[in-house]
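Below: one structure, written as structure tokens.
The values are calculated or read from the model by the stated rules, or taken from the named source; none is laboratory data. This structure is a prediction, so every number in the text was calculated from the model and none was measured. All Cβ positions, glycine included, derive from the backbone under ideal geometry; neighbour counts span all protein chains shown. SASA here: full protein model, heavy atoms, side chains in, ligands and nucleic acids out. Shrake-Rupley method; radii C 1.70, N 1.55, O 1.52, S 1.80 Å.
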Amino acid sequence: MIRVLIAEDQTLVRGALRALLELEDDLEVVAEVGRGDAVVGAALEHRPDVALLDIEMPGGDGIEAARGLAAAVPGCRAVILTTFGRPGFLRRAMEVGAAGFLVKDAPVAELARGIRAVMAGERVIDRELAAAALAIGATPLSAREADVLRAAVDGSTVADIAGRLFLSEGTVRNYLSSAIGKTGARTRVEAARVAAEKGWL
């Protein structure tokens, strides 16, 4: 029997996933959580073989949860589930050691096959998303440029961003200017939106 943890913040979706997966003879849902920061604790308590992680949850996203699992419960394989087919998310998920990356609208039979495949040591990735990731390539943003853009998402001033990130205002302006150029945007807010849409943030 394959033991599964489901991390999904929408109760209805979480319940539907559980009901569908438990129709499979070899799958057992042993834990459910609705927050990213509850994943590692639940995995330590219930020792699942596979964790299905929603990409966007309160308390930390699925990619951060996968990173935490890799460190705390290395025997548990993380599979990211997303409605956001953004290639940058796929790259980030693979970088933290996720074993799979699937879109939520895939048929449950495909999800069940994916769970069995990662248990067999394979990596399972949505084909269309993999092709898009190869076409787009890696993020052009440096880690610091990404940090500054994240801080700029809400329209914060340069001074606010500098204070939050412990940088000088001149340094923030340089990072913003570089990030705007790399994203092909006209403003820092637009650059943050473009980078988020591509999954670079």
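Here are the numbers for the structure shown:
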quantity	calculated
Flag for L27 being of a type in the set (A, V, I, L, M), loosely packed, with under 15 Cβ neighbours inside 10 Å, modelled with pLDDT of 95 or more and over 13 Å from the mean Cα position of the chain (by Cα)	no
Residues of region 60-88 that turn out to be over 27 Å from P140 (Cα atoms) and open to solvent by less than 40 Å² (accessible area, probe 1.4 Å), as a count	3
Scan of region 72-95 for residues that are at pLDDT 90 or above and part of a helix (DSSP H, G or I), ordered by number	A72
Odd one out for V39 among (1) open to solvent by 40 Å² or more (accessible area, probe 1.4 Å); (2) under 30 Å from A192 (Cα atoms)	(1)
Close pairs from region 29-43: first under 20 Å from A112 (Cα atoms), partner open to solvent by less than 10 Å² (accessible area, probe 1.4 Å) and β-branched (V, I, T), Cβ under 7 Å, at least 6 apart	V29/V4; V29/I6; V30/V4; E32/I6; V33/V39; A43/V73
Residue check, A192 more than 23 Å from T83 (Cα to Cα) and buried (at least 17 other Cβ atoms within 10 Å of the Cβ)	no
All positions within region 154-163 that are at pLDDT 90 or above and either open to solvent by less than 40 Å² (accessible area, probe 1.4 Å) or over 17 Å from A191 (Cβ atoms) (or both)	V158, A159, I161, A162, G163
Strands (runs of 3 or more DSSP E) completely within region 1-71 that count 3 or more residues being closer than 18 Å to A98 by Cβ	2-7, 50-54
Any chance S168 is among the polar types (S, T, N, Q), surrounded by fewer than 16 Cβ atoms within 10 Å (Cβ to Cβ) and at pLDDT 90 or above	yes
Whichever residue in region 96-147 is among the charged types (D, E, K, R) and assigned to a helix (DSSP H, G or I) and, among such residues, is modelled with the lowest pLDDT	E128
Residue in region 62-72 that is touching a helix residue (DSSP H, G or I) at 6+ places or on another chain (Cβ under 8 Å), over 26 Å from A19 (Cβ atoms) and among the acidic types (D, E) present	yes
